[in-house]
Amino acid sequence: MVSIAPCGDMEPEAGELEETTLESEMFVKSVGDKKEKKSEEGILQPWQVLQEPIMELQRMNITGKEDEKKPMDDKEVEEGSEKEKEMENEEVEEMKCAENLSNIPTDANDSSSDPTNEPIPSNTPISPPETNESDTEDMRKLTKTPSFGKSVRFKDIEAVEERDSSDDSLFPDFDNEEWTSTSFEELFLADDWKDVTDDRLLRKKVLQASPENAMTPAWGQEVTLKMQGVLEDRTVVEKDCKLVFVIGEGDVNQALEECTLSMKQGEIALLLADSQYTYGLLGREPDIPAWAPLLYQLQLLGFRAKQDPLSLPVPDRIRIGNQKRERGNFYFQREEYSMASQAYCMALDVLTTRTQDGQNCEAEEEEVNDYRVKCLNNLAAAQLKLGHFDEALHTSQDVLFLDPQNVKALFRKGKLLSDKGEYEEAMETLKKALKLEPSTKAIHAELSKLVKRQAGENETQNWQAKPAQVFGENIAPFLTPPPKKKPFGISWKFLLGALVVALGSLVTSVVLTARN
């Protein structure tokens, strides 16, 4: 499983794609509660003043019991027992008085009148709060199972613990030598394996054949697969007893999709996949290294036609839409922006409140719109990475239609408008984003670029080039500069050469006459 970066960079980072984790929210709440508690501790309420002597008596009782455990002499034991009896009698009388005081109805003791009032502290054991069935269902929905980089699934807590803690094989009857010890190089060259693809990088061996009349799934159908995958050292890296995905939507790696198309219902097979069909150069942190082939055991449990999203209830649409969005985040982190964009588009198709009758479910419309804003922002970031600037501008406008105060969409829209030369609208958009987040450096930088562009455009508008019709049909002489004319006169190099030749001929004539 795989939230967009803060607006300072205005690009989605690896760890966060438009999401806030529950841990961060709980941290903020706990800090706020601590601050409130500290501010309330300074002022003592009337009921707290009455409670202090009770607390002191209880502490004295506890310390007295602890002192009894220490070894003492016989005299100290007798004296201590007499004092304890006197203290117990006094404590009983004071506790009765305190109980009579606590029974007096006051506004401070009524927790329903003020929700900020805290319960009176005591050393008595507090029973745990009762949990309703609805609360346990919500906790189950928020508990994510390890997806091994595949489809995201929300299951019960108990089921997750059982699957994570068990190292047992899902196919105990088919743990043969090829599955447990044979090297991958030998399996790639084995003759009893069939090639799923022509490049011999995806090979399959049937362990249990299905009936002849069994059907095979088709592209776009929803399949249910029982699978487990290992590295060459037989480390289990993928395991799912009921993996559900749609063929062709990128919910799983390409190896599983290709092999599922060649399987029949009920068939059990081994699948050997090269890294090009699994996780390639990047691998999958932290368990699958780069360029690592995988060996799978698969069983096709069943398949059916893909359900129409409009026929599903809205909570199921939200669940499926979040699965698609998180899969898109997985691809975005791997810099596979085309696959990420496809996953975000499929998530947007599911995240809708429209029914088959053409009506809208207004009860969950706000929640669905929040998830749509996240998907649209992530989609715009992927489109910018792909260079699809017009599509990114249209997507950012869709975000602002749902959330006019979304800073990231305002920043992207202003930047794209500035690049297109629409400076006035870009200036208004960026100023609105800066007003919402005045401390963001990226918005300041983009505004300064926009001001420089506007100043440069004003300078170019003052100078206007003459049209070519002024120069006639032949404008070549005006485009290429004419050749420079050489100055007329005798060069000093020519004179020096002539002088050297004359001196040479004179010397040779003198030598010849001397010899004669």
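Numbers at a glance
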| quantity | calculated |
| --- | --- |
| Yes/no for M263 being assigned to a strand (DSSP E or B), open to solvent by less than 60 Å² (accessible area, probe 1.4 Å) and closer than 19 Å to V206 by Cα | no |
| Every residue from region 190-205 that is farther than 24 Å from V246 by Cβ and in contact with a Lys or Arg (Cβ under 9 Å, 6 or more places away or on another chain) | A190, D192, W193, K194, D195, R203, K205 |
| Residue ID - farthest from the chain's Cα centre (by Cα), chosen from residues in region 326-379 that are farther than 20 Å from A409 by Cα and of a type in the set (V, I, T) | T355 |
| Filter result (open to solvent by less than 40 Å² (accessible area, probe 1.4 Å) and under 28 Å from L312 (Cβ atoms)) within region 382-408 | A382, Q383, T395, V399, N406 |
| Test result for E326, among the acidic types (D, E) and either in contact with a Pro (Cβ under 7 Å, 6 or more places away or on another chain) or open to solvent by 80 Å² or more (accessible area, probe 1.4 Å) (or both) | no |
| Residue count, region 220-245 (criterion: part of a strand (DSSP E or B), within 12 Å of E257 (Cα to Cα) and open to solvent by 10 Å² or more (accessible area, probe 1.4 Å)) | 3 |
| Boolean, E178 is in a helix (DSSP H, G or I), open to solvent by 70 Å² or more (accessible area, probe 1.4 Å) and either among the acidic types (D, E) or under 30 Å from V350 (Cβ atoms) (or both) | no |
| Any chance K306 is farther than 22 Å from F184 by Cα and either open to solvent by less than 10 Å² (accessible area, probe 1.4 Å) or part of a loop (DSSP other than H, G, I, E, B) (or both) | yes |
| Any hit, region 207-228, residues being of a type in the set (K, R) and modelled with pLDDT under 95 | no |
| Residue pairs meeting the criteria (Cβ under 9 Å; at least 6 apart or on separate chains; first at pLDDT below 85, in region 488-516; second surrounded by fewer than 10 Cβ atoms within 10 Å (Cβ to Cβ) and charged (D, E, K, R)) | none |
| Matching option when the condition is under 28 Å from the mean Cα position of the chain (by Cα), in a helix (DSSP H, G or I) and not charged (D, E, K, R), among P286, P315 | P315 |
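Let's see how each residue does on (1) hydrophobic (A, V, I, L, M, F, W, C); (2) open to solvent by 80 Å² or more (accessible area, probe 1.4 Å):
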| site | (1), (2) |
| --- | --- |
| M339 | yes, no |
| L348 | yes, no |
| Q359 | no, yes |
| V368 | yes, no |
| R412 | no, no |
| E422 | no, no |
| S439 | no, yes |
| H444 | no, yes |
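The values are calculated or read from the model by the stated rules, or taken from the named source; none is laboratory data. Model, not experiment: these values are computed from the prediction. Every residue, glycine as well, gets a Cβ built from its backbone with ideal geometry; the counts of neighbours run over all protein chains shown. Calculation scope for accessible area: heavy atoms of the full protein, side chains included, ligands and nucleic acids excluded. Shrake-Rupley method; radii C 1.70, N 1.55, O 1.52, S 1.80 Å.
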